[in-house]
1. Out of the total accessible area of region 79-191 (probe 1.4 Å, heavy atoms of protein only), what percent is carbon and sulfur?
2. Hey, what D do you get for region 68-169 in µm²/s if you plug the Kirkwood alpha-carbon radius into Stokes-Einstein at 37 °C and 0.692 mPa s?
3. Taking a virtual spin label 7 Å from the Cα of residue 133 along the C-beta vector, which residues in region 150-191 bring their backbone nitrogen under 19 Å of it?
4. Can you give the angle from 0 to 90° between the axis of helix 49-66 and the longest principal axis of the chain, with both taken from C-alpha atoms, to the nearest 10?
5. Please compute the per residue accessible area over the chain with all protein chains in place, 1.4 Å probe, rounded to a whole number of Å².
6. Helix-only estimate, please: 222 nm mean residue ellipticity of the chain, summing -39500 (n - 2.57) across DSSP H runs of length 4 or more and dividing by its residues, to the nearest 500.
7. Among all the lysines, which ones have a C-alpha under 19 Å from residue 134's C-alpha, if same-chain residues fewer than 8 places away are not counted?
8. Using the Cα atoms as the points, what is the convex hull volume per residue of region 11-89 in Å³?
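The values are calculated or read from the model by the stated rules, or taken from the named source; none is laboratory data. Since we're looking at a predicted model, the values are computed, not measured. Neighbour counts run over all protein chains shown; Cβ positions are idealised from the backbone, glycine included. We work out accessible area using only protein heavy atoms, side chains counted, and drop any ligands, DNA or RNA first. Shrake-Rupley method; radii C 1.70, N 1.55, O 1.52, S 1.80 Å.
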Amino acid sequence: MTNNAGGNPSRSDAPSHIYYFDVGAGDWQGEFTFRVTSWQRLRKTRGIGLRNRALVVAMALTQRLTGASRLESTIVATPSAGAFGVADNVVRVSKFGVTLYLLKERYLLAPDGRGVTVEANEQFSPVPGILTRKFTYPAEIQPSGMASTYHMPLLGSPWTATYQVGADRQSLDGELVCDWAKATENARRVS
């Protein structure tokens, strides 16, 4: 990796630029799955709250009855913005054309070439303004620029999400886990 005078990677070979700008920019489509891995641990987890418990039950029931949901994601890259580049991502999870989950994220890339601060706005349900919140969380891009790890607070619990870009650079597999649930994302670039 080429370093500049400050010891940070150059923009062109930084793992975060490879991940978001070279590989990630564009439109992606695929499937999203969600399942509770331990109802007992979910019941014992404190601080989740009634709202999040209701959302978990609704998501688990929807997935059980109708199968995987449709996943769509659009990443728009702005390498010259911010301290080391910015990417915006809109993720939509839907079933039968109805939006179940909408997530708008801004990835603020750190000058070290690997760190990312994510500013997120989420909405559960197709009705804007009801089940929404804003939050921030950290992420890290692996040295290859072909994998990432996110540490996000979802549904009242800490989750770890890991993503791996396929060898063809046209597919992405993700696994999101917490103490009581697991979700998967599998997507392919469509443009």
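1. On the way: 3070 of 5210 Å².
Of all accessible area on region 79-191, carbon and sulfur atoms account for 59 percent.
2. On the way: Rh = 14.7 Å.
So the translational diffusion coefficient is about 223 µm²/s.
3. 150-161, 176-183
4. 90 degrees
5. Values: 9630 Å² over 191 residues.
I get 50 Å² per residue for the chain.
6. On the way: 2 runs with 24 residues, N = 191.
Rounded to the nearest 500, it is -4000 deg cm²/dmol.
7. 104
8. Working: hull volume 11.7 nm³, N = 79.
Residue-normalised Cα hull volume stands at 148 Å³.
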